[in-house]
Structure formats: C-alpha cells, structure tokens
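Down below is the structure, laid out as structure tokens.
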Amino acid sequence: MTTTTQDDPQRSDRTRGTVVLVVLLGSLLGSLGVLATPQAAHAATFGITTSPGTLFPGLVTITGTKSSSATVEVTASPDDSCTIDPGDSDWSCELDLADGNHTITAIHTGTDATVTTLTVSIRVLGAPVITTSGLTTGTLNGTGFPGAGIEITGDVGKTCGAVLANGSWSCALGVGTGTYSLSATQTWANVRSERGGTTDPIFVRVDADPPAWPSFTAPAIGTRVTSQPTVFTGSGETDGRVDVFSDSVRVCTSPVVSGKWTCSAALANGEHTIQGIQWDAAGNPSGTSVGFTITAGAAPASATPVTPPSKPVPDRATPLDPVVPAPTAPFLPAPVGGTSGLPPLDTWEVPTDYGAAIPSATTTNSASWTVGLILGLGFALLVALPLRLLVTTYRRKRGYFPLDAETPRPLLSPRVTAALFLAAAVLLAALAGGVQAEVRYLRLAIAIGLALAALNGVAVLVAKVLGRRFGWGLGIRLAPLLLAIAAVTALVSRIAGIQPPIVVGIVLAVRFAPSVATRARGIVSLVQVSAIALLGVIAWLLQSGLGSVTGFLPSLVSETLSALTIAAFGSALVMLLPVHRMPGRLIWEWSRTAWAGVTLASATVAGVAIAGGSGFPAPWVIGGALGFAAVSVGIWAWMQFVHPQFTAEP
C-alpha cells in the first residue's frame, strides 16, 4: 500500500520565513560583534604597569599598555604632561616632577573617540643639594625635601637625621682635619630602606683645628684713648676674621688680610675690658682671648696736692708689658667638640660631638665587617693570647696571689667607695676626649655618668640574677685594676687624639666564694661580658638612629648613648683578657672554645663600631699590637728555653 504525502504550502512559507529571519538576525549580531570587538579589545589592552607607590629617585617614567591605534595623554599637572601617539601597544612617559607625592592621570582615546581614564599614585625623591663647598669645620650643610632623611656616604658614613621644615639640613661629620670625598642621599620619610636620589661625589676639606687667639697691637694695654672712635689693630690668621669685644659686647669686626686686621668703635668714657675672637676661614673660633683694660676719655684735671703721697702712683698712660697668654698644652690635641666661641655659660644647648667619630650602623657593609673581623682576630692573637703567655710566665716564676684572698676591712663604706670609683671613671672618660671651660662639658659629664651607671648596673644585675637562680655564692667587689687601666687608656686616647676614645667604664667585679666550681664561674663571666657587649650594640644602634641633634635634652641623650657605646665595647674587651682576676681568665679556665667565640664576636663588633671610625688610628694600633706580641713571645721564649740554661746547677 502506497501512501502519498502532499506538501502544505503554508508550512513551507513559514519554514522559509524562519530561515530568512535567522539569517538576518545572525547578520545583525555579527555586525554588532564587529562593532563591539574594538571596544572590548580597547578596554582589555589599556593599563598602567607602573606599580602604585613607586619611589622614583629622579626623573619619573610611567609605563603601560594600550591599543596600537589609540592615543594616550599622561598628565601630572598642567605643566607636566606628555602624549603617546598611535603606534606600539606599549607606552612610556618621562616626567620631571618635584619631590613629593603625585597622582598621575592617563587618558586613553580610541579611534572611535572612546575615552578611558586611569590614575596611579607615585612618589618622587631626588638627590639633596650639598651647599657646603671647599672648606668647613666638619659640618656639612644642604637643602632637601622636608621630612626626608639624609645619609652621608663615601669616605665618611653618617646618618644625619631629617630635613627641617624649611628645607635645610646640617650634619656634623665628626672627623679630623683632612680632605674627604662625600655624597648625600635622601631617604623617604627618614626610612632608610626607601632611598631616593644620591648626589655626585664632592670633595670637602675639613679644618677641625681652632686658630690661635688674635693679637692686639693697638691700643696698648692700659692706654688712655682720648679721641673716638677707638681704632683696634692686630694680627691674625689670613682669610679669617676677628671680632672685638668691649666688656663682653661685640663692638666691631674685621677681615684678616695678609695676617693683619683693623676695625674701630666708639667707646663710652671710662675703663673697658677688651677681648677678641679669631675665626679661621673654615669657621672655627679661637675662643675668647685674655682681656686687657683701656680707658676712654680725657684724663681728669689733677688738683694741687697738699701733701705728697706716701707711695708713688704709676702713670696709667704708660704702656705695660704685654700679657702673654697661658700655654694651652701644645702636646695635647684640641677637644673633639672644639671651642664654641660663645660665653661659657651660654653653651648648655651646644653639642660636644663626643662620640661623633663613631660610624653609623646603617652605613656598614661587607667591607666594614671584614675589617672588623680582621681587627677581632688581631685582638685575640696579638694582644689577649700574648698577654696571657707573658703573665703566666712570670706567675710561674714569681708566684701568684690566690683568687679569693681575704681583703682588710675598708675605711670607707663600700657604697661611698663605689661612688668615688664611678666618679673617677666618669672623669677619665670625659678627659679622654678633652674638655673646655664651658657648661656643655658639665652636661657631657652627666651623660657619661648615666652611661657608666647603667653599664655597671647591668654587669652587677646579671651576676646577681645567675647567683640567686642557681644558688652560687658570689658577691660584688671594687676593681682597682680596671680603674687603673681606664686611666691609662684615657691618657693614651687624649695624647694621641684617638677618636672615638678608648674608654673602660666598669669599676665593679664579681667575687666568688671558694666553693663555686670553675664551670659556674665561667658561665657567670661569659653571660656578664656578653650582656655588656650586647648593651654596647643596642646603644650603637640607637645612637645611629638618632643622628645629629641640637638642644640640651637631645644632646644629653646622644652623648649618653655615645658614651655607653664606647665604654661597653672598651670594657668588654678589657674584661675578656685571660689574665689576673678578669672574667676572661675564668671563661678561659672553663672553656677555651667559649672564650674564643665571645672574644672574636665582641672584638669584631668593636672593630666596626669603634675602630671603624675615620679618626681611629687603626694602623698604629695594629703596629703596636704586633710589637707587643713580638716582645711577649720573645720574653716567654727566653724564660722557657734560655733562662733555665743560666740557672741550671753545674
């Protein structure tokens, strides 16, 4: 059976209509897709690749991506912009912007006039400006971005604090006379890890030596000046200047040309005390010269005497012999702080630069620590071990006092004696750097006293805590030997001009009961010396972070930290000597490995923090250590091998 199907005309028409509709709809969607594709690509390819918050040390380069057919306009301000024309899909824009925070706007314009805007915030911190040129007293000045930190690198490493609100900065280099190559770097908001631009190196000549007092050739001492103005003349240091004071008031000033100077001032009638201050070309003051008197005004009419005087009256108009200034110990260098040139009682807020030669911890590098390690090895091999060899040689030949020998009852209270010992140590530490008759050195003595009190307090506290914790019998005694060593190091530092000076600030030591074992003595001594060295490290880091200061309280804090740094490292090294009743000997007798470890670590850090300063005569110290080691080994060899041949019985 065959079935025949006939097509429905209406159904065919509907089918054809559907197909046409689908085709038209697809064409429409395709055309829309073509139109939408550039926009999608446009939105996907435009961007800024510079990271937000980027710190630029100079010129700013903003980078990004775009559609190759589009233009990008980058704007930081109406006067700082650039336009990137169609071309590559990567773009960059270089802008010269002032220091500070900036918001960069990038506008992307497509071929169809579609606009997309993006922004990014960046920071700019260029190189500071060093305004000091040529000759200086040791202070470097400049300008920078307010709030930024300043670091000095080159021949001198120094952290100098923040730029002031007026854009100026000043940094005391703490170095001796000489020529130095220096650069300055700005750090963002005084955060040292975010470094901005660095200046090109410049050469600065430091003159840290104060000039001599100016001399007066006129008017003569005791002269009566009958006409005004009074003319002052004298000699001084060429290219400097001289200020003349009458009764402590400056009345005139004059440049020194070819060693001569002259200035004049009108003086009121009466007797006046005349003084002068010489300033050299670098700006160092000489301090106030010895005063002499003159009289201004006509001489009073003399009345006819009724009876002759019993004693002759000297003629005040007759010139007296010139006053020769007292010598200022030419064999001693000038104090590190120099002379302020101010009245002595007006220097409370003037820094003394005590410890200014200590290098900043932030400027150390691998080379610094390599030198420190070499110096640490030198201390152990050329000083500590030869000294033990020498002392033990004579101890065997001449006998040795027992460690715990009884001492007679003291005449003074132990606390009074300890206070006197501490005061003597403070005086020695201050004299090691040199002092002047100015009240700022009284502030320095207070700072050193605080530092040494803290140092001895930590040494005693550590020993007491360990003794109580483990039941070890121990007490505290005075250490005259350490005070004697402090006197020697202070004298050597002062005469040789060593900066920073070598200071020993410990005056208290531990006394062990005879029942305390060797191991316990060694452990207490090891922890005690380690605590002292650690205290020095902490003070060094804090002093480095403090930077340059002015004012009474900041100067007091800075000088306290400097004194604590110097005294802690100096005391630790002396205490580590393995001789006599030193803690180093007790550590040596317990564990030579422990002694070697703590000695090398302490001496290495001290070599960086103390001997790493530009004012420390490291070559001379190394030469002296070599000579000491040679003499010590020679004496030991003589006593060990040669001397017995002469004393042997025939």
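The values are calculated or read from the model by the stated rules, or taken from the named source; none is laboratory data. Keep in mind that what you see is a predicted model, and the values were worked out from it rather than measured. Every residue, glycine as well, gets a Cβ built from its backbone with ideal geometry; the counts of neighbours run over all protein chains shown.
A few comments on the model shown:
- Applying the criterion of at least 1 residues that are under 15 Å from residue 241 (Cβ atoms) and of a type in the set (Ser, Thr, Tyr) to the strands (runs of 3 or more DSSP E) found wholly in the stretch 255-297 leaves 260-265.
- Here the stretch 85-103 is the region considered, the condition is being of a type outside the set (S, T, N, Q) and in a strand (DSSP E or B), and the residue that is farthest from the chain's Cα centre (by Cα) is 90.
- Within the stretch 457-499, the only residue that satisfies the criterion of being within 18 Å of residue 610 (Cβ to Cβ), among the small types (Gly, Ala, Ser) and surrounded by fewer than 16 Cβ atoms within 10 Å (Cβ to Cβ) is 496.
- The stretch 540-637 holds helices (runs of 4 or more DSSP H) entirely within its bounds, and those carrying 2 or more residues that are assigned by TED's automatic domain parsing to the domain that holds residue 481 map to 552-575, 583-590, 592-609.
Yes or no, residue by residue, for (1) in the same structural domain as residue 75 (by TED's automatic domain parsing); (2) crowded, with 18+ Cβ neighbours inside 10 Å:
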{"site": "90", "(1), (2)": "yes, no"}
{"site": "94", "(1), (2)": "yes, no"}
{"site": "99", "(1), (2)": "yes, yes"}
{"site": "104", "(1), (2)": "yes, yes"}
{"site": "113", "(1), (2)": "yes, no"}
{"site": "133", "(1), (2)": "no, no"}
{"site": "144", "(1), (2)": "no, yes"}
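- Qualifying residue in the stretch 564-571 (condition: surrounded by fewer than 20 Cβ atoms within 10 Å (Cβ to Cβ) and at pLDDT 85 or above): no
- Restricting 420, 390, 381 to those that are at pLDDT below 90, within 30 Å of residue 636 (Cβ to Cβ) and more than 22 Å from the chain's Cα centre (by Cα) reduces the list to 390.
- Contact annotation: residue pairs with Cβ atoms under 6 Å, 6 or more positions apart or on different chains, pairing a residue in the stretch 256-267 that is farther than 25 Å from residue 296 by Cα with a partner that is part of a loop (DSSP other than H, G, I, E, B) and among the hydroxyl-bearing types (Ser, Thr, Tyr), are 256/238; 259/238.
- If the condition is being more than 24 Å from residue 414 (Cα to Cα), of a type in the set (A, V, I, L, M, F, W, C) and in a loop (DSSP other than H, G, I, E, B), then the stretch 447-499 contributes only 498.
- Counting only strands (runs of 3 or more DSSP E) that sit completely within the stretch 177-250, zero hold 2 or more residues that are of a type in the set (Val, Ile, Thr) and modelled with pLDDT under 90.
- Residues that are closer than 24 Å to residue 167 by Cβ and out of contact with any Leu (no Cβ under 8 Å at 6 or more places or on another chain) within the stretch 196-214 comprise 198, 199, 200, listed in sequence order.
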